[in-house]
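Trainee: Let me give you the structure first, and then I'll get to my questions.
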Amino acid sequence: MPMDFINQNVLLIALVVISGLALLWPALVRPAGNTVNPAEATTLINREDAHIVDVRDAEEFASGHLPDALNIPVSKLTERIGELEKFKEKPIIFCCASGMRSNKACAELKKQGFAKLYNLAGGVDAWVGAGYPVKKGARKK
């Protein structure tokens, strides 16, 4: 009898399992750095001179990035970590398109002993959605 129910309702059961995992996902994937929204990021930039590192690819960066952001693609972070050494004790805000790659960057720099790491929640998409300005072009590499 229970197997008949399972066989007849496979899609319903799968939907329940997937929904449950989707609800648990944020609890399972812990951010490596402190997560900040665009308003909190702006406060860190203005009050604590936080540095912004955009970990998207060069093409994504050129299409629109936070003002004064430094572009270090996440794939090149370990080889370019020396560029960030001088900011080891200062706040660094990492951003990408949505927040996933920047979380990876926070985790990597945390292992290297960086103290004040922040992940822009929702990434550049959230920044633009909040009405904050972006610059276009590949000025800072």
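Trainee: Please specify each residue of segment 105-141 satisfying the condition of being assigned to a strand (DSSP E or B) and assigned by TED's automatic domain parsing to the domain that holds ILE45.
Mentor: Step one: of segment 105-141, the residues assigned to a strand (DSSP E or B) are 116-120, 135.
Those that are assigned to a strand (DSSP E or B) and assigned by TED's automatic domain parsing to the domain that holds ILE45: LYS116, LEU117, TYR118, ASN119, LEU120.
Trainee: Check GLY123 against each of (1) out of contact with any strand residue (DSSP E or B) (no Cβ under 8 Å at 6 or more places or on another chain); (2) under 14 Å from ILE52 (Cβ atoms); (3) buried (at least 18 other Cβ atoms within 10 Å of the Cβ) and name the one condition it does not meet.
Mentor: (1)
Trainee: Still on this model: From the set of residues in segment 32-75 that are of a type in the set (D, E, K, R) and over 16 Å from the mean Cα position of the chain (by Cα), which is nearest to ALA138 (Cα to Cα)?
Mentor: So the first thing to find is which residues in segment 32-75 are of a type in the set (D, E, K, R), and the list is 40, 47-49, 54, 56-57, 59-60, 68.
Restricting the remaining residues to those that are over 16 Å from the mean Cα position of the chain (by Cα) gives 47-49, 59, 68.
Working: ARG47: 26, GLU48: 25, ASP49: 22, GLU59: 8, ASP68: 11 Å.
Here the answer is GLU59.
Trainee: Still on this structure, I have one more. Quickly run through segment 40-60 and pick out the residues that are more than 20 Å from LYS90 (Cβ to Cβ) and out of contact with any Gly (no Cβ under 9 Å at 6 or more places or on another chain). Explain how you work it out, then say what you get.
Mentor: Residues of segment 40-60 that are more than 20 Å from LYS90 (Cβ to Cβ), as a first pass: 56-60.
Those that are more than 20 Å from LYS90 (Cβ to Cβ) and out of contact with any Gly (no Cβ under 9 Å at 6 or more places or on another chain): ASP57, ALA58, GLU59, GLU60.
Trainee: In addition: Please count how many residues of segment 95-114 are closer than 21 Å to ASP125 by Cα and not hydrophobic (A, V, I, L, M, F, W, C).
Mentor: Of the residues in that region, 6 qualify.
Trainee: Among SER98, SER102, which is the only one that is assigned to a loop (DSSP other than H, G, I, E, B) and hydroxyl-bearing (Ser, Thr, Tyr)?
Mentor: Values: SER102 fails: assigned to a loop (DSSP other than H, G, I, E, B).
From the options SER98, SER102, the qualifying one is SER98.
Trainee: Between ASP54, ASP68, which is closer than 18 Å to ALA130 by Cβ, of a type in the set (Asp, Glu) and crowded, with 16+ Cβ neighbours inside 10 Å?
Mentor: Values: ASP68 fails: crowded, with 16+ Cβ neighbours inside 10 Å.
That would be ASP54, the only listed residue that is closer than 18 Å to ALA130 by Cβ, of a type in the set (Asp, Glu) and crowded, with 16+ Cβ neighbours inside 10 Å.
The values are calculated or read from the model by the stated rules, or taken from the named source; none is laboratory data. Bear in mind the structure is a predicted one, so any value in this text is a computation, not a measurement. Every residue, glycine among them, receives a Cβ derived from its backbone with ideal geometry; neighbour counts consider all protein chains shown.
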